[in-house]
Amino acid sequence: MFQKVDPKQKFSEVEKKIADFWEREKIFKKSLEIRRNCPLYSFFDGPPFATGTPHYGHIVASTMKDVVPRYWTMRGYFVPRVWGWDCHGLPIENIAEQELGIKRKKEILERYGVEEFNRICRSKVLGYVDEWKKVIRRLGRWADMENAYSTMDTKFMESVWWVFKELWDRGLIYEDYRSMHICPRCETTLSQSEVAEGYAEIKDISATVKFELVDEPGTFILAWTTTPWTLIANATLAVGKDIEYVKVRSIKAGKQMKGKTEYENYIIAKNIFDSLVEKEDQDPLKVAFNFSSSSLKDKDEKNFEFPVIIDMFRGSKLAGKKYKPLFSYYSADEKLPNRENGWKIYPADFVTTEEGTGVVHIAPAFGEDDLNMGQKLSLPFIQHVGLDGVIKSKAKDFAGLDVKPSEDHTKTDKKIIEYLKDKDLVFAFGEYFHSYPHCWRCETPLLNYATSSWFVKVTAIKEKAIELAKKINWTPDHMKEGRFGKWLEGARDWSISRQRFWASVIPIWKCSCGEIKVMGSIAELEELAGKKVIDLHKHTVDKIRFPCAKCGGKMKRIPDVLDTWFDSGSMPYAQLHYPFEKKHEFEKSFPADFIAEGQDQTRAWFYYLHVIAAAIKESNAFKNVIVNGIVLAEDGKKMSKRLKNYPDPMEVIEQYGADALRLYLMGSPVVEAQDLNFSEKNVAEIQRGMLRMLWNSYSFFALYAGIDKYNPKKAYDSVGQKKNLLDRWIISEFNELAGRVNDGMERYKINEAVRQFASFIDNLSNWYIRRSRKRFWKSENDSDKLEAYDTLYFVLVELAKLMAPFAPFIAEEIYKNLSGKLSVHLEDYPVAIDELKNGELNENMRKVREFVKIGLAARAQVGIKVRQPLSELRINHQLPDELMELIKEEVNVKKIAFSLIEEKKGWAILKENLFEIGLNIVISEELRLEGEARELIRRIQELRKKAGFEVDDRIQLCYSGGSKIFKIFGEFIAREVLASGVTQGEIPGAEIEELIELEEEPIKVWIKRI
């Protein structure tokens, strides 16, 4: 009835056959069809880019996204799983640029044009789809990849327009001029979450610059900056009105020992000046003020003088004072708007004395505080740098320079410092280490840059979004109030404008008269344009113009495209082409029961899903979410193809099997947002340990059930009526396991669920089956033997169901062979039956195994093999007789007793925690002979295997020597090795013979099959 099982079967070969079977029999499709009328369990899948092969991060996410839907499907829910592809944005554009050798955005327009560039981008989008399909199939993940949606589909993009229009109609879209982070290489703005993703520690150049007061020649106010390139755009200096400042008379920097002494006055915050003595000697300000150790050594020199405080005052006294601009490129321009308000000192609340000089250089075009101050005080606006990061021609000494050159991001800063040094306007400068934002795609240092952008007014719906977020269940729990909650609390309005090409466009048409028309559907655009529209990308819709209803002029689309995260946040609606199609399907599936992605998505996809849902549906977008951490190389470093510091995922799957990889990842802390140092040897350990143990249990059953022609038709009838203690125990343990696994999965704690299996499989293989072997080996088919078969059959079949979401391949193999049914994945998931649990028995059996472990450890300590019987074992816990008998047999003693454990000669005492044993280690002659008999049995069993006998083959056994052993233990030996009897002397036609060396004398044995 059961197919033979190779105990040494390579798992990856089994998995390939199972994957072929699933595909051939359309098992995934059938699993959906049989549940179609069941309650819906909805799942939103964050679509990946198909621009490279899947890495371990993708495999973690994909496995989570497979385990949970498989589980809820078997729990009786309809769980559709449609794949999606992320297609738009800088990831694709950067690939196209690299292949085309493009360095600057303007090259795209000059060499290709938008339409051709977008065509090239489209061609790169799905380059690795086939590779993805291979990996996902081999991993065992079920998803409909044949009917996958993509974010570049016209239907998807139309729904994105609808989302935009919904936000517009609610007054949540507006245009504003703000200081934002831009990538000068990509020449586009970035959102708050994109900026947060790219911080890196860098070495910059900082400078303390001298601004000479107009009404006090020779007096300079000192301002510190880490962006010297912005000094060209300086418009004012900010001080703290209540901060104490000092005017210091000091020998002019660099003029100390050169004959004629020159003095200058410097204005700096008092507490910063006072702290210089305590700073390190190499501190640039300390050196400039002659406070370094090297300066102090020269204090007896004739011309040496310490800096002297000659005045002290609050910052309010400096307000309104004029100073000389560092550069005249813009200050000399009499047509510069608000010129009369520039190059004065103003008080500001944001000024501190934590670092720098207590004076802040303000360039309104390059910083949020700067821009706000510039707008409030009507300061001149000087933007000497373009969106491409290149200095404009008006700043003639630096025209054409990139402010953050790729080969050395400090190069231009150094040139500006050198220029100012030549004009004696640099007081101090030095290296400065700090965390600085970089482009998350091309790693270019970002610039803080004032520009216009369209925004979603997140702040208007923030309180609602925070309230709705309380409904979401997070794994791990701390994400709710922590990383996600805090990001939501600090949410700003979302900049959705991007100055790029390959993306969904902002569907706003504008007329020169100021009239605006926002499109929410293709039909609206077609009606106004008077023609069919089949594509919504920039190169198509930018050509569409129509008359302005207000003035009759031509309305044309604004040039910006949408932030790609707008696509992602619109995914719940756009994947179904809602509201243009499948309204009922959407309404049933929203919000999603489950989503999962990496920790970085707390500030990205999870956030944008929630913000859009809160705004247009007044709902959370998802109910349950699992956040995974990052898979790192074994040494804790980032995985790198260049460094080759990690094994290829497909090679790992080929070597150890997908089930082993899945169980390793899903049982690890990575599914609770913790990082994981990937260990191939730990994957191997799961394969060699838990999975091989399970396979051997399955192989054992299939072998003996086949020999005995066991029929399982009544296996489930007597599950609750077992007479044998071991049967009752393993069934109780299974129901405890089912309860714990379901509890973990219902709480979305995948790793808690997965970690339950190893100990149960150990109990099954190393205790239940090992203790029950003789029941299966009996020659007669009595009721105890049948109950053993029924129990093991029940446990293996139900365990296959329980493991199916986590290890779908081995579960399928075991279930199909043993049950004869089509697929385990079409079955209902096991739930715990309380009536079959026996907590007292489980606890007592745990104690049994603990005493056995300590007893065997005591044997090992004194060097006595387990096959050598001993006379007595004493334990410090009272257990039922049946359980005491188990300990007695396992430790191989003639007697066991509950007793006070005392030190005695000839006894080994061992204690672990609350468990203590005493073992009599004195070996009598009779015990020694029995030990020899057991060793002889072991050697004869090895000879049977060596001769290629089947496990059920009966034999003739003849011997020479060891007559004393055979006289006492002959029947015992014959029974254990399946011999019809034992006969002294050589057997004619023996199939194998061997001289076995024992302690007292050698014994020769001859064996022949009957």
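The figures follow:
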| item | result |
| --- | --- |
| Test: residue in the stretch 61-79 that is touching a Gly at 6+ places or on another chain (Cβ under 8 Å) and either within 17 Å of residue 498 (Cβ to Cβ) or open to solvent by less than 20 Å² (accessible area, probe 1.4 Å) (or both) | yes |
| Top-ranked residue in the stretch 920-976 [being within 15 Å of residue 997 (Cβ to Cβ) and among the hydroxyl-bearing types (Ser, Thr, Tyr); ranked as least open to solvent (accessible area, probe 1.4 Å)] | 959 |
| Helices (runs of 4 or more DSSP H) lying entirely in the stretch 711-793 (those with 3 or more residues that are out of contact with any Asp or Glu (no Cβ under 9 Å at 6 or more places or on another chain) and either of a type in the set (Phe, Trp, Tyr) or more than 21 Å from residue 891 (Cα to Cα) (or both)) | 725-746, 756-763 |
| Counted residues, the stretch 585-599 - those being crowded, with 18+ Cβ neighbours inside 10 Å and of a type in the set (Asp, Glu) | 2 |
| Filtered residues of the stretch 603-612 (kept if assigned to a helix (DSSP H, G or I) and either under 21 Å from the mean Cα position of the chain (by Cα) or free of Cβ contacts under 8 Å to residues at least 60 places away in the same chain (or both)) | 603, 605, 606, 607, 608, 609, 610 |
| Residue 696 being among the polar types (S, T, N, Q), within 19 Å of residue 830 (Cβ to Cβ) and not in a loop (DSSP other than H, G, I, E, B) | no |
| Pick from the stretch 815-846, criterion among the charged types (D, E, K, R) and under 19 Å from residue 67 (Cβ atoms), ranking: most open to solvent (accessible area, probe 1.4 Å) | 828 |
| Any hit, the stretch 854-870, residues being open to solvent by less than 50 Å² (accessible area, probe 1.4 Å) and closer than 21 Å to residue 768 by Cβ | yes |
| Subset of the stretch 391-429 [touching a Gly at 6+ places or on another chain (Cβ under 7 Å) and either without any contact (Cβ under 8 Å) to a residue 40 or more places away in the chain or open to solvent by 50 Å² or more (accessible area, probe 1.4 Å) (or both)] | 392 |
| Criterion: touching a strand residue (DSSP E or B) at 6+ places or on another chain (Cβ under 8 Å), assigned to a helix (DSSP H, G or I) and not polar (S, T, N, Q) - qualifying residue of 851, 809 | 851 |
| Members of the stretch 791-814 found to be of a type in the set (D, E, K, R) and open to solvent by 10 Å² or more (accessible area, probe 1.4 Å), listed by number | 798, 801, 813 |
| Filter result (touching a residue at least 60 places away in the same chain (Cβ under 8 Å) and among the basic types (Lys, Arg)) within the stretch 104-133 | 104, 105, 106, 122, 124 |
| Lone qualifier among 508, 522, 516 - being closer than 27 Å to residue 579 by Cβ and either hydroxyl-bearing (Ser, Thr, Tyr) or open to solvent by less than 10 Å² (accessible area, probe 1.4 Å) (or both) | 508 |
| Answer from 40, 32 - the residue that is open to solvent by 40 Å² or more (accessible area, probe 1.4 Å), within 29 Å of residue 830 (Cα to Cα) and hydrophobic (A, V, I, L, M, F, W, C) | 40 |
| Pair list, Cβ under 9 Å, 6 or more apart: the stretch 662-684 residue at positive phi, other residue in a strand (DSSP E or B) and open to solvent by 70 Å² or more (accessible area, probe 1.4 Å) | none |
| Subset of the stretch 14-55 [farther than 17 Å from residue 141 by Cα and charged (D, E, K, R)] | 33, 35, 36 |
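The values are calculated or read from the model by the stated rules, or taken from the named source; none is laboratory data. Note that the structure is a prediction, hence the values are computed from the model and not measured. Glycine gets a Cβ as well: all are built from the backbone with ideal geometry, and neighbour counts include every protein chain shown. The accessibility values were calculated without ligands, DNA or RNA, using every heavy atom of the protein model including side chains. Shrake-Rupley method; radii C 1.70, N 1.55, O 1.52, S 1.80 Å.
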